[in-house]
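None of the figures in this text is laboratory data; all of them are computed from the coordinates on show. What you see is a predicted model; the values in this text were computed from it and never measured. Note: ideal-geometry Cβ built from the backbone for every residue, glycine included; neighbour counts use all protein chains shown.
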Amino acid sequence: MSKGTRSIKIAILGLGVVGNGVLETLTYKKNAFKDQFASELDVSYILVKDLNKPRELYSSNALITDDYERILSDDSVDIVVEVMGGDQPAFDYIKRAMENGKSVVTANKEVISKHGQELMSIASINGVHLLFEASVGGGIPIIRPLSKDLNANDVDAIRSIINGTTNYILTNMTYMGSTFAEALDEAQTLGYAESDPTNDVEGIDAVYKLSIMASLAFRSQILPQDVYREGISNLTANDFKYAKELGYVIKLMAIAKRQDSEIDIRVHPSLLPEEAPLAKVNGVYNAIQVHGDLVGHVLFHGQGAGGNATASAVVGDIIDVSGDLVRNANPVSYIWNGKESSIRSIAELVSRYYIRLTVEDRPGVMAKLTDVLGSKAISIASIIQKESDTSLNSAELVITTHPSKEADVQDALNDISELDVVKSIGSIIRIESGSAD
Ligand code: NAP
Ligand code: HSE
């Protein structure tokens, strides 16, 4: 080792999509990092579940093991990089690493979302780092901006697309005519999906990420169960077709807004006007719009998943921690204040709605529907009869509303579903305005 450099010993927990990206980056850029950052980043251990799985190790000298205790008891390990995923044993491993004086870098949004506050307090008590830039937005820098660069602001809104898998699926269904199954299969092959893709498709992954961003931005404790959630699995090909005809695209939106003393926080499919900036975020790309009182609107955009993009964020954190270790500097922890927040019920939401339903194709149907909507003070913006199936005597209707209260819309839909002329209610999708406000 040359004069003035220090060797930093690293253990990587997990050698999947992200673990491989991290190992490859640390291996191929080792000399460049040594020159630039005065630290020699050495991977000493790699923890895996299945020792018998065939693997390409990029000429690493690391010991590959399935025994975490061995890593924990090795005092020379400075940084534990957790890229295994899931709540347990990842939470336990992160916690014990810090209690044993090791700094931690993780890409695990589930653990940070559920246990962020506790883990940050353990990091602070033990004087170690806990960094998690890769947990939200893959390669997009967003945790540091929310935790540091935007500190002078009162952040009041986050509007985002933060799941690469669903954005890839929705983009392919919109523009390539792919089926849901084909697009999901491709996203899995490309390494974007979680080990259980239900987490992506049902919006659970986006809930974890949104709760982390909102906790940091609003300086409140927001847990996954606080976030209203709907996934994309109930959308049909017709919804994409009708959305296009109406001038919209469908996106899985993750939205958090501070309104008075309450927080409106939700993940669900939305119709976005085609010309809106977020409507143009396609494929595996993610984007996060943040509004602060001083800065106004800022937009973060980039690849939200994949081995290299995620390794960019993980290795950035490793370099950050190493720099502090080399300089003997104290870790600076992010503020994750334990304040309880009051969550606004989805029933209180005021939004425009797209409603697709199948009705009998006969006179008087429209009158019955408009009667119900009118009785709940829901104003119709457009109503279009889409397709008739003469053999079944049925037609598909697409209704869009002016801004209405969610509770009223749900009440009206209950009443509508009981009408003798209504065969089924298909999709109900909230319509977002294109503006960032
Ligand atoms: P992955 O491809 O499924 O890899 C998981 C790795 O962890 C595998 O090597 C597995 O070992 C190992 N592992 C799992 N459970 C273990 C256990 N109990 N003990 C030891 N090793 C264990 O996952 P990934 O896509 O790389 O994701 C890793 C983390 O990064 C997750 O938290 C994920 O949410 C996050 N993330 C992923 C992406 C992405 O684009 N994929 C982007 C941002 C963040 P075996 O190889 O032996 O099975
Ligand atoms: N499965 C996640 C996604 C990985 O598709 O966005 C990145 O966190």
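For the chain, the longest principal axis of the C-alpha atoms and the axis of helix 365-375 are separated by about 60°. Helix 307-327 and the longest principal axis of the C-alpha atoms of the chain enclose an angle of approximately 40°.
As a calculated quantity, the FRET efficiency between GLU56 and GLN410 at R0 = 45 Å, using C-beta atoms, amounts to about 0.30. Applying 1/(1 + (r/R0)^6) with r as the Cβ-Cβ distance of LYS30 and GLN225 and R0 = 51 angstrom yields a FRET efficiency of 0.75. When the listed pairs LYS251/LYS376; LYS257/LYS339; LYS9/LYS95; LYS251/LYS280; LYS53/LYS209 are checked against a 20 Å cut-off, the alpha-carbon distance exceeds it for LYS251/LYS376; LYS53/LYS209.
Stretched out straight at 0.36 nm per residue, the stretch from ASN330 to LEU392 would grow longer than its current Cα-Cα span by 15.1 nm.
Applied to the stretch 390-398, the Karplus parametrisation 6.51 cos²θ - 1.76 cosθ + 1.60 on θ = phi - 60° returns per-residue 3J(HN,Hα) values of 5, 5, 9, 6, 10, 9, 9, 10, 10 Hz, with x for Gly and Pro. Between the stretch 221-289 and the stretch 1-70, the C-alpha centres lie 37 angstrom from each other. Per the Cα gyration tensor, the chain maps to an equivalent ellipsoid with semi-axes of 46, 23, 17 Å, ordered largest to smallest. With contributions of -39500 (n - 2.57) from each DSSP H run of at least four residues, the per-residue ellipticity at 222 nm computed over the chain stands at -10500 deg cm²/dmol. Within the listed set ALA395, ALA214, ALA183, the Gaussian network model of the chain (springs between alpha-carbon atoms below 10 Å) gives the highest mean-square fluctuation for ALA395. Fewest neighbouring Cβ atoms within 10 Å first, the residues LYS376, LYS209 line up as LYS376, LYS209. The alpha carbon gyration tensor of the stretch 1-103 gives principal lengths a ≥ b ≥ c with a/c of 1.5 or higher and a/b no greater than b/c, which makes the shape oblate. For the chain, the relative contact order works out to 17 percent when only alpha carbon pairs closer than 8 Å and six or more residues apart are counted.
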